[in-house]
């Protein structure tokens, strides 16, 4: 799934780096808690469930934009969203990219 949406597996198995996996699992656990205890979002000091996953997606998008500056392009869903954003940034904002990529995760 990550190859289709983000253009690569990020070498998680080869590098034994589980940071992205841990963030995603934490996000899923938090969503489960929010579904069972709906009052959590109203408590002061409790960050929204999407805060960690948003940071992860923004990091992936910024890394892709850096690759694009170097001339590296990939054919995947993220590239289509970035191209759409570059063509019309007012109607398809960075927030739209973030929300769509969270949906695909």
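Only residues that are farther than 24 Å from residue 50 by Cβ and either assigned to a helix (DSSP H, G or I) or touching a helix residue (DSSP H, G or I) at 6+ places or on another chain (Cβ under 8 Å) (or both) were counted in the range 87-105, giving 1. Among the residues of the range 69-79, just one is part of a helix (DSSP H, G or I) and at pLDDT 90 or above, namely 69. Residue under question is residue 94, and the condition is that it be farther than 20 Å from residue 21 by Cα and either surrounded by 15 or more Cβ atoms within 10 Å (Cβ to Cβ) or in contact (Cβ under 8 Å) with a residue 12 or more places away in the chain (or both); does it hold? Spelling it out, residue 94 is indeed farther than 20 Å from residue 21 by Cα and either surrounded by 15 or more Cβ atoms within 10 Å (Cβ to Cβ) or in contact (Cβ under 8 Å) with a residue 12 or more places away in the chain (or both).
Criterion first (modelled with pLDDT of 75 or more and under 15 Å from residue 98 (Cα atoms)) does residue 50 satisfy it? The answer is no for residue 50. So residue 30 ticks every box in (1) at negative phi; (2) outside any helix (DSSP H, G or I) but one. Which box is left unticked? Status for residue 30: all satisfied but (2). For residue 2, the requirement of being at pLDDT below 75 and surrounded by 11 or more Cβ atoms within 10 Å (Cβ to Cβ) is met.
The values are calculated or read from the model by the stated rules, or taken from the named source; none is laboratory data. As the structure is a prediction and not an experimental result, all values here were calculated from the model. Every residue, glycine as well, gets a Cβ built from its backbone with ideal geometry; the counts of neighbours run over all protein chains shown.
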